[in-house]
Amino acid sequence: MTIHDELGQTRRAVQNLEKALAALRNQLGPHLDVLRLLDDVARCSADLRRLEDQLGTPRPYELVAIPDDDYTHGLWATGDADHEGLGAPGRRAP
């Protein structure tokens, strides 16, 4: 295994631990020991991120959830959307 594989495996383990502790916090509430463990895992994650930066390890892309809700109509009210992709009004292609 390469160092990048090991770091990736470590990153996944830290993320799994974060999820498990979050579930534990939801069950027990703000218990002091759970909060301390969450702080420790946050430090581990920060240290691992610094190590990845030092070694130039590529990080996996972060997924962003896009809601299925309708867009706010105010986004399109400025008039700029009418010319989207067409260039400036009144201009013609050479």
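The values are calculated or read from the model by the stated rules, or taken from the named source; none is laboratory data. These figures come from a predicted structure and were not determined experimentally. Cβ atoms come from the backbone with ideal geometry, glycine included; neighbour counts cover every protein chain shown.
I'm trying to understand the selection: among the residues of the stretch 1-22, which are among the β-branched types (Val, Ile, Thr) and within 16 Å of residue 50 (Cβ to Cβ)?
Hits for the stretch 1-22 are 3, 10, 14.
Output the residues belonging to the stretch 51-77 that are more than 30 Å from residue 7 (Cα to Cα), modelled with pLDDT of 75 or more and not charged (D, E, K, R).
67
Would it be correct to say that residue 36 is surrounded by fewer than 12 Cβ atoms within 10 Å (Cβ to Cβ) and over 20 Å from the mean Cα position of the chain (by Cα)?
Taking the combined requirement at face value, the residue satisfies it.
For the stretch 25-39, indicate whether the set of residues that are hydrophobic (A, V, I, L, M, F, W, C), in contact (Cβ under 8 Å) with a residue 24 or more places away in the chain and in a helix (DSSP H, G or I) is non-empty.
No, every residue in the stretch 25-39 fails to be hydrophobic (A, V, I, L, M, F, W, C), in contact (Cβ under 8 Å) with a residue 24 or more places away in the chain and in a helix (DSSP H, G or I).
For the stretch 1-14, give me the residue count where each residue is surrounded by 13 or more Cβ atoms within 10 Å (Cβ to Cβ) and modelled with pLDDT of 90 or more.
Of the residues in the stretch 1-14, 3 are surrounded by 13 or more Cβ atoms within 10 Å (Cβ to Cβ) and modelled with pLDDT of 90 or more.
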